Amino acid sequence: MNVAIAGAHGQIALRLARLLAAQGDRVTGLIRNPDHATEVSRAGAAPVLCDLERVSVEEIATAIKGADAVVFGAGAGPGSGADRKLTMDRDGATKLLRAATTASVPRYLMISGAGVENPPDGDEVFAVYLRAKAEADTAVEASDREWTILRPGGLTDDAGTGSVRIGSAPFSGPVPRDDVASVLAHLLTDSRSAGRVLYLSSGAQSIEQALDEVLGSPG
């Protein structure tokens, strides 16, 4: 499988790249900072300089052409202001979505977050962030791509356990980034998840069991 990851230097993205590369998939990592190329390469992805906030949809489409799936793992990051929540977390995601359509990339995975389903009002940066993610998710849901939106709870750097809870109704709980990456790797090839919004936390089931429970057993 050929997968393009936007925001390839992100903590979940690097973990996902390692998993995909280890199973023999081809990974393209979109980055905005050339200094990140070495670490992205070490994770097994081919780094491509492509700043979603600055380049055109057509340039993004060129960068992801030939991919079977794209993953939006980019974000303005902690410490950024409200403006960048809009230009990256919302507009970057929708530009990647338009580029996926232009480049005929069928699959689109969005890393979102618990709480996005009911974003608060107000001018606080986190409120703006949740509304930006909500608008991006709405655009993804309205698209004709084979999309899946994953909304993990609070992210931790604990070692992954492979034991998770996955559901379609909103809930929130902590989950290691390792396990988020593992779930994304499963979702990339699970056609049952197309058109679904899924919530994720640590739990008591294996990833396979949790997906079968929420998506239905494979036919």
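The values are calculated or read from the model by the stated rules, or taken from the named source; none is laboratory data. These numbers come from a predicted model, not from an experiment. Note that we place each Cβ from the backbone using ideal geometry, even for glycine, and neighbour counts take in every protein chain shown.
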* To do: Mind counting the residues in the stretch 58-85 that are modelled with pLDDT of 95 or more, surrounded by fewer than 18 Cβ atoms within 10 Å (Cβ to Cβ) and either closer than 23 Å to Arg192 by Cα or of a type in the set (A, V, I, L, M) (or both)?
  => 2
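What do you reckon, is Ser104 polar (S, T, N, Q) and in contact with a strand residue (DSSP E or B) (Cβ under 9 Å, 6 or more places away or on another chain)?
no
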* To do: For the stretch 123-132, state whether one or more residues are assigned to a loop (DSSP other than H, G, I, E, B), without any contact (Cβ under 8 Å) to a residue 40 or more places away in the chain and either crowded, with 16+ Cβ neighbours inside 10 Å or of a type in the set (Phe, Trp, Tyr) (or both).
  => no
* Looking at (1) surrounded by fewer than 19 Cβ atoms within 10 Å (Cβ to Cβ); (2) within 19 Å of Gly7 (Cα to Cα); (3) under 15 Å from the mean Cα position of the chain (by Cα), can you tell me which one Glu141 breaks? -> (2)
* Asked: Hey, among Glu53, Glu59, Glu124, which residue is more than 16 Å from the chain's Cα centre (by Cα) and closer than 30 Å to Phe171 by Cβ?
  -> Glu124
* Odd one out for Val197, checked against (1) hydrophobic (A, V, I, L, M, F, W, C); (2) over 14 Å from the mean Cα position of the chain (by Cα); (3) closer than 14 Å to Tyr108 by Cβ -> (2)
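I want to confirm something. Restricting to the stretch 154-189 and keeping residues that are closer than 18 Å to Glu208 by Cα, part of a loop (DSSP other than H, G, I, E, B) and out of contact with any Pro (no Cβ under 9 Å at 6 or more places or on another chain), which single residue is modelled with the lowest pLDDT?
Restricting attention to the stretch 154-189, the residues satisfying the condition of being closer than 18 Å to Glu208 by Cα are 160-168, 175-189.
Imposing the further condition that a residue be part of a loop (DSSP other than H, G, I, E, B) reduces the set to 160-162, 168, 189.
Then keep just the ones that are out of contact with any Pro (no Cβ under 9 Å at 6 or more places or on another chain); that gives 162, 168, 189.
Working: Gly162: 97, Ser168: 97, Thr189: 94.
Per the criteria, the residue is Thr189.
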* Asked: Can you spot a residue in the stretch 165-179 that is among the basic types (Lys, Arg) and under 16 Å from the mean Cα position of the chain (by Cα)?
  -> yes
* To do: Any chance you could count how many residues in the stretch 95-122 are closer than 16 Å to Val3 by Cα, part of a loop (DSSP other than H, G, I, E, B) and out of contact with any helix residue (DSSP H, G or I) (no Cβ under 7 Å at 6 or more places or on another chain)?
  => 2
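What's the total number of residues in the stretch 190-208 that are over 18 Å from Gly113 (Cβ atoms) and either assigned to a loop (DSSP other than H, G, I, E, B) or touching a strand residue (DSSP E or B) at 6+ places or on another chain (Cβ under 9 Å) (or both)?
The qualifying residues number 8.
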